[in-house]
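Notes follow the structure.
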Amino acid sequence: MAIRTIFEFPAPVLRQQARPITVFDERLIELITDMTETMYDAPGIGLAAPQIGESIQLIVVDVAKIEKEQKVLAMINPRIIGHEGTQVDEEGCLSVIELTANVKRHKKVTVSYQNLSGEPREITAEDRFAVVLQHEIDHLHGILFLDHLSALKRALYKKKVQKMLAEKKGE
Ligand code: NI
């Protein structure tokens, strides 16, 4: 088990289309363990494999009903197969530091995925849980919550990051 480095915007891996997973082995389980540990350490409520530099279709989400309890759902090759309604909720991302913003999403989603053994599963989620699933699945397609904001907000954030990186370099 290991806590992995979280890649931050503008890292290229965050913009790649992640590969589907076809091998369900020990290595995959290790990766899921690392992602879970990294997510709770951050702390976050969801993490996608590209965020730790692995461009594969894997996400972990915190599904604990009670605060401080730890219960993780690992979803392999997840895909939104149905949706209903809309909602607006505030989002942030471990890879998009120092930014939170309201994002419009589906209110309810049905997601198909595979479990650790490669068996097909389906889940229907709404409200906050549906937001997390949509946010994490976006990561597998190189999309960040930033991309759902206005062009102006996006440009302002890019400028801010460039400034932060320049300052870091100058230190
Ligand atoms: Ni994110």
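The values are calculated or read from the model by the stated rules, or taken from the named source; none is laboratory data. Keep in mind that what you see is a predicted model, and the values were worked out from it rather than measured. Note that we place each Cβ from the backbone using ideal geometry, even for glycine, and neighbour counts take in every protein chain shown. Surface accessibility is based on the protein's heavy atoms, side chains included, excluding ligands, DNA and RNA. Shrake-Rupley method; radii C 1.70, N 1.55, O 1.52, S 1.80 Å.
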Across segment 65-96, the tally of residues that are of a type outside the set (Asp, Glu) and in a loop (DSSP other than H, G, I, E, B) stands at 7
Can you spot a residue in segment 75-92 that is within 18 Å of Phe7 (Cβ to Cβ) and open to solvent by 30 Å² or more (accessible area, probe 1.4 Å)? yes
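So, in segment 18-33, of the ones that are open to solvent by 20 Å² or more (accessible area, probe 1.4 Å) and assigned to a helix (DSSP H, G or I), which residue ends up nearest to Pro120 (Cα to Cα)? Spell out how you get there, then give the answer.
Filtering segment 18-33 for residues open to solvent by 20 Å² or more (accessible area, probe 1.4 Å) gives 19-20, 22-27, 29-30, 33.
From the residues that got through so far, the ones that are assigned to a helix (DSSP H, G or I) too are 26-27, 29-30, 33.
Values: Glu26: 19, Arg27: 20, Ile29: 17, Glu30: 20, Thr33: 20 Å.
Only one residue fits best here, namely Ile29.
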Taking segment 138-148 and the residues there that are open to solvent by 10 Å² or more (accessible area, probe 1.4 Å) and within 11 Å of the ligand (Cβ to nearest atom), the one that is nearest to Tyr113 (Cα to Cα) would be Asp138
Picked from segment 96-129 (must be within 15 Å of the ligand (Cβ to nearest atom) and among the aliphatic types (A, V, I, L, M)), the residue surrounded by the fewest Cβ atoms within 10 Å (Cβ to Cβ) is Ile97
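Does Ile3 satisfy the condition of being assigned to a loop (DSSP other than H, G, I, E, B), out of contact with any helix residue (DSSP H, G or I) (no Cβ under 6 Å at 6 or more places or on another chain), among the hydrophobic types (A, V, I, L, M, F, W, C) and farther than 15 Å from Val132 by Cβ?
Details: assigned to a loop (DSSP other than H, G, I, E, B): yes; out of contact with any helix residue (DSSP H, G or I) (no Cβ under 6 Å at 6 or more places or on another chain): no; among the hydrophobic types (A, V, I, L, M, F, W, C): yes; farther than 15 Å from Val132 by Cβ: yes.
No.
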